[in-house]
Amino acid sequence: MDFGRLVTAMVTPFDENLQVNWSQVEVLINYLIEVQKTDSIVICGTTGESPTLTEEEKFRLFKMAVKIAKGRCKIIAGTGSYATASSIHATQEAEKLGVDGVLVVAPYYNRPSQEGLYQHFKAVAEATKLPIMLYNVPHRTGISVAYETTVRLAQIPNIVASKEAHADLDHMTQIVTRVPKDFKVYSGDDSLTLPVLAIGGYGIVSVASHIIGVEMKQLITHFLQGENAKATQLHAELFPIFKGIFRMPSPAPIKHALQLRGIKVGGVRLPLIDVTEKEEQFLKSLMDTLKTSIQ
């Protein structure tokens, strides 16, 4: 399974009452496919505020995303949690609903050993035929999946990729150089897209692609075609966006940026809060600067 080079971790649109805005889910998915040219979409990842979504909301989102996408891009369901049994249940439900793959995060808060991590991911993999992307995000989970553990997991046939959301390029290099050739390593940090490609990574699971997906695909294409100077220049132009949309807790900034683009995705559920007036001005200025820099 190839999820493509550009994967968007989609926000979940809410209405004024912070209920899922189902009509805007369709608008947003079509926008990401048709305008931002994403290859795959993660539904109910952390950017989708998965910790605040009910199981019923998640499963309906999976089903709806598959129906809307109609094969135009891959749909990846965020099904991981800190409980193995719950992760298996969500993964099996997602499979029934027709998704193309699942994103399974390292168990958070309970901080298992490396053997516990291996057994967790192995149990999920054995419970489904779907391709699995591991998700290693140490600053959110409190535990890092050691590269040795990822290399070991990569031997399991349907564990096909890993999203590495940290800045340890040595760690990622160890994975890239030791896994089977068809196992793909994705950056989980927009600003590290180019560096991760340079060490042999495959692509990016992105938040910024909500608003600069086309430009990010251009950056990747430049690199793959050996146009390193062009890739570096575009990286520099996009860098303020990469960093700016994470100056406040995500996904509030990217949701506001989408609002500025005319895509109504609403606010965020507690314990997250919406951007302040000062932060709104910063984001507007950032978006205006982007328009100027890439023209």
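The values are calculated or read from the model by the stated rules, or taken from the named source; none is laboratory data. In this text the structure is predicted, and so the values were computed from the model without any measurement. Note that we place each Cβ from the backbone using ideal geometry, even for glycine, and neighbour counts take in every protein chain shown. In case anyone asks, the SASA skips ligands and DNA or RNA and just uses the protein heavy atoms, side chains included. Shrake-Rupley method; radii C 1.70, N 1.55, O 1.52, S 1.80 Å.
Counting residues that are touching a Pro at 6+ places or on another chain (Cβ under 8 Å) and open to solvent by 10 Å² or more (accessible area, probe 1.4 Å), which strands (runs of 3 or more DSSP E) fully inside the stretch 151-217 reach at least 1?
159-164
Do you know which of the residues in the stretch 83-99 that are assigned to a loop (DSSP other than H, G, I, E, B) and on the phi < 0 side of the Ramachandran plot is most open to solvent (accessible area, probe 1.4 Å)?
Among those residues, the one meeting the criterion is LEU97.
Does the stretch 100-111 contain at least one residue that is more than 18 Å from the chain's Cα centre (by Cα) and either among the β-branched types (Val, Ile, Thr) or assigned to a helix (DSSP H, G or I) (or both)?
No, there is no match, as no residue in the stretch 100-111 is more than 18 Å from the chain's Cα centre (by Cα) and either among the β-branched types (Val, Ile, Thr) or assigned to a helix (DSSP H, G or I) (or both).
Does the stretch 268-288 hold any residues that are farther than 22 Å from TYR31 by Cα and open to solvent by 60 Å² or more (accessible area, probe 1.4 Å), and which are they?
Hits for the stretch 268-288 are LEU270, PRO271, ILE273, ASP274, THR276, GLU277, LYS278, GLU280, GLN281, SER285.
Is it the case, given these coordinates, that PHE239 is assigned to a helix (DSSP H, G or I) and over 24 Å from ARG5 (Cβ atoms)?
So PHE239 fails the test.
Looking only at the stretch 1-56, count every residue that is assigned to a loop (DSSP other than H, G, I, E, B) and either open to solvent by less than 10 Å² (accessible area, probe 1.4 Å) or touching a Gly at 6+ places or on another chain (Cβ under 8 Å) (or both) and tell me the total.
20
Residue under question is LYS67, and the condition is that it be touching a Ser or Thr at 6+ places or on another chain (Cβ under 9 Å), open to solvent by 10 Å² or more (accessible area, probe 1.4 Å) and of a type in the set (D, E, K, R); does it hold?
Spelling it out, it is not the case that LYS67 is touching a Ser or Thr at 6+ places or on another chain (Cβ under 9 Å), open to solvent by 10 Å² or more (accessible area, probe 1.4 Å) and of a type in the set (D, E, K, R).
I'm checking my understanding of the structure. Among residues of the stretch 242-267 that are in a helix (DSSP H, G or I) and among the aliphatic types (A, V, I, L, M), which one is most open to solvent (accessible area, probe 1.4 Å)?
Step by step, filter the stretch 242-267, then rank; the result is LEU260.
In this structure, does GLY80 turn out to be of a type outside the set (Val, Ile, Thr), in contact with a helix residue (DSSP H, G or I) (Cβ under 9 Å, 6 or more places away or on another chain) and crowded, with 23+ Cβ neighbours inside 10 Å?
Criteria met by GLY80.
List pairs: first in the stretch 74-89 and farther than 14 Å from ALA106 by Cα and modelled with pLDDT of 95 or more, second small (Gly, Ala, Ser) and not in a strand (DSSP E or B), Cβ under 6 Å, 6+ apart or cross-chain?
Filtered contacts from the stretch 74-89: ILE75/ALA65; ILE75/ALA69; ALA77/ALA94.
Limited to the stretch 9-32, what total is found for residues that are within 17 Å of GLY267 (Cβ to Cβ) and touching a Pro at 6+ places or on another chain (Cβ under 9 Å)?
Qualifying residue count for the region: 10.
Could you check the stretch 117-150 and list, in sequence order, the residues that are of a type in the set (S, T, N, Q), out of contact with any strand residue (DSSP E or B) (no Cβ under 6 Å at 6 or more places or on another chain) and outside any helix (DSSP H, G or I)?
Passing the criteria: THR128, SER144.
Going through the stretch 1-56 one residue at a time, which ones are of a type in the set (D, E, K, R) and modelled with pLDDT of 95 or more?
ARG5, ASP15, GLU16, GLU26, GLU34, LYS37, ASP39, GLU49, GLU55, GLU56
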